[in-house]
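Heads up: the structure comes next, in structure tokens.
The values are calculated or read from the model by the stated rules, or taken from the named source; none is laboratory data. Every value quoted in this text rests on a predicted model; they were computed, and no experiment measured them. Methodologically, a virtual Cβ is constructed for each residue, glycine included, from the backbone with ideal geometry; neighbour enumeration extends over all protein chains shown. Ligands, DNA and RNA are stripped out before the accessible areas are found, and what is left, the full protein with its side chains, is counted by its heavy atoms. Shrake-Rupley method; radii C 1.70, N 1.55, O 1.52, S 1.80 Å.
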Amino acid sequence: MFKKGNKLYSILTGTCPKCHEESMFKNKNPYILSEILDMYETCSNCSTKYKIEPSFFYGSMYVSYAVGIAFATAAFVISFFVFNAGINIVFTSIVATLVVFLPIIIRISRNIWINFFMHYDKSLAKK
Ligand SMILES: [Zn+2]
């Protein structure tokens with residue numbers, strides 16, 4: 001399931017949605033906050049233009065809402081059902097989770113957003 005040709009591969013690794021060969025981001029580490037949104041204009045392998053229209057990645061904000069809810073739900077389930085924490089601890093753990101994972105949520109949202117519009121093309125991948 002987790003290999004080239006699958007959308008999940010591009011979403012989780014941040015690689016080009018068409019060829020799955022090159023990273024879209026200049027710095028692969030999302031926790032370097034000053035470079036979190038720095039992306040290449042085009043793919044160096046298949047020259048796909050990532051920003052297919054002006055302000056294209058603003059749409060990833062819609063996705064980040066859903067991804068944030070997923071992280072918050074996971075934090076709730078773990079702290080409430082696994083650790084039997086009280087309401088204050090549960091609330092704190094949800095907020096802490098959203099803050100700590102924010103860079104990852106931002107990157108994953110962009111990857112999901114661009115994968116809505118572009119699909120893997122086997123002919124563009126390296127042989
Ligand atoms: Zn590419």
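Data for the structure
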quantity	calculated
Residue-level accessible surface for SER44, protein heavy atoms, 1.4 Å, Å²	100
The range 36-127: chymotrypsin sites (Phe, Trp or Tyr not before Pro) in DSSP loop, at most 12 other beta carbons within 10 Å	PHE83
Kirkwood Rh and Cα Rg combined as Rg/Rh, the chain	1.06
Neighbourhood net charge (11 Å Cβ-Cβ; Lys/Arg +1, Asp/Glu -1) for HIS20	+3
Ratio of the Cα radius of gyration of the range 55-127 to 2.2 N^0.38 Å, where N counts its residues	1.47
Theoretical FRET efficiency, 1/(1+(r/R0)^6), r = Cβ-Cβ of ILE52 and LYS4, R0 25 Å, to 0.05	0.70
Mean ellipticity per residue at 222 nm, deg cm²/dmol - from DSSP H runs of n ≥ 4 across the chain, formula -39500 (n - 2.57)	-14000 deg cm²/dmol
FRET E, pair ALA85, TYR65, Förster distance 35 Å, beta-carbon r, rounded to 0.05	0.90
Gain on full stretching of the segment that runs from GLU41 to GLU21 - 0.36 nm per residue minus C-alpha separation	5.7 nm
Total lysine pairs under 14 Å (Cα atoms) in the chain, excluding pairs fewer than 8 apart on one chain	12
Restricting the range 7-93 to GluC sites (Glu not before Pro) in coil, as DSSP defines it, with at most 12 other Cβ within 10 Å	GLU41
